[in-house]
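Down below is the structure, laid out as C-alpha cells.
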Amino acid sequence: MKKILPLLLFICWLPVLRGQQMTMFSNFADNQFFYNPSLAGAEDYGELRGMFRSQWQGVEDAPTSQYLGYQQGLDSIPFGLGLLGFSDQAGQLSNIGAMLSAAYHWHGGEHWSLSFGVSAGLSRWTYDPFNSRVTDPSDRAFENANTASATPLVNIGLNLRWQNFYLNFSSPQILESEATVINVGNVNNKLKRHYFATTGYRIQLSSKYALEPMAHLRYFETAPEQLDLGIRFHLSNFWTGGFYRGEEAISIQAGLELADVLAIYYAYDATTSALSAVNNGSH
C-alpha cells in the first residue's frame, strides 16, 4: 500500500488540479436529472431518487459519492421544480452541495416535447490536513490548507423527446466559479464548465420486450472527452444491460421496478485502465 500511496494522493487531487471533474455515475440513464435540470418535472408524477457510488474497491481512501434528489411537475402550468443534494469524498478532500432546479416544458401533442431547465446552488470544498500522511508537514501547500468558502453553481440543460427517442444537452458549472481549498500564492482552482450529451432510443419488440441503445458523452477543456456506449434489454418491469466507458471500464447493470412505486438498480464497473492492477472495481 505504501508504494502506491503517492499515486492515490495524486488521483484524489485530480479533480482540483484538472478542473473539478463531476462525478461519473454508470447509471447515467437513471440519473439524468443530476446532470440536466431540464428533466425536472418531465413526468406527470413526483419522484425521489438517490444514488451511492463506491469507487475502486480495495484502494485506500478511494472516492465515494452520493446524492438525493426530488423533482415534480406542476399541474396547472408546464413547469417542473426539483431539489438535490450531493456529497463527494476522496481521501481528505470532500465536497458537499445543494441545488434548486426549474424547467419549462413545451409539449407537441403526444409525440414530442422540448424542455429547458436551469439550476442554481452552492457547494463547499474542504480539505482535512490533520489526517494526511505527507513527507514534509511544513510544506506551504499543507500549512495553508483551508476550508473553502461556499462556491456558487449554475447548471443549464435542454431535453428533446420524440416518441421513444430522447436527446439532451447540459452544461454544469457554467459560471466556472473559484473554489480555493489550498492557498499557495497565485494558484487558482476553478470549477471548469462541463458539457454533457445523452441520447437513446427504445425499440419496442413486443408488449413486454424492448431494446434500448444509448450513449453518454462528457467533455471539459482540461481533460479528454469520454464516451459511454451501451444497450439495455427490457422485460416487463426488469431490465439488464452492459456499457463500455472508453479506456476506463466495462459496466454490467440491472434494474427492477416494483408495483410502479419503487425502482432498484445496480451497476458494477470492471476497470480496464492501468488502475485495474490496484482495485477490484466499482459499485
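Values quoted throughout were computed directly from the atomic coordinates according to the rules given, and no laboratory measurement underlies them. Keep in mind that what you see is a predicted model, and the values were worked out from it rather than measured. Virtual Cβ from ideal backbone geometry, glycine too; neighbours counted across all protein chains shown.
Couple of notes before you dig in:
- Annotation for region 183-283: GluC sites (Glu not before Pro) lying in DSSP loop with at most 12 further Cβ atoms inside 10 Å of their Cβ are Glu221, Glu247.
- Inter-part distance where region 63-114 and region 221-283 are each reduced to a Cα centre, Å: 21
- Computed over region 199-283, relative contact order equals 17 percent, with contacts defined as Cα pairs under 8 Å that lie 6+ residues apart.
- In terms of overall dimensions, the C-alpha atoms belonging to region 30-97 reach 51, 19, 15 Å along their principal axes, ordered largest to smallest.
- Dipole of region 173-283 [Lys/Arg +1, Asp/Glu -1 at C-beta], most positive-end residue of Leu227, Ala197, Trp239: Trp239
- The calculated FRET efficiency for Trp106 paired with Leu175, based on their beta-carbon distance and R0 = 30 Å, is about 0.70.
- Label point 7 Å beyond Cα of Ser206 along Cβ direction - residues of region 229-260 with amide nitrogen under 11 Å: 236
- Vicinal HN-Hα couplings computed from phi for region 227-239 (Karplus, 6.51 cos²θ - 1.76 cosθ + 1.60; Hz; Gly/Pro x): 10, 9, 10, x, 8, 10, 10, 9, 10, 6, 9, 10, 9
- Ordering 60-69, 197-206 by mean Cβ neighbour count within 10 Å, with the highest value first, yields 60-69, 197-206.
- Separation of the Asp260 and Asp136 label points, Cα + 7 Å toward Cβ, nm: 6.6
- Relative packing of peptides 155-168, 26-39 - highest average C-beta neighbours within 10 Å first: 26-39, 155-168
- Rounded to the nearest 20, the size of the Cβ-charge dipole of region 22-99 about its Cα centre is 120 debye, with Lys and Arg at +1 and Asp and Glu at -1.
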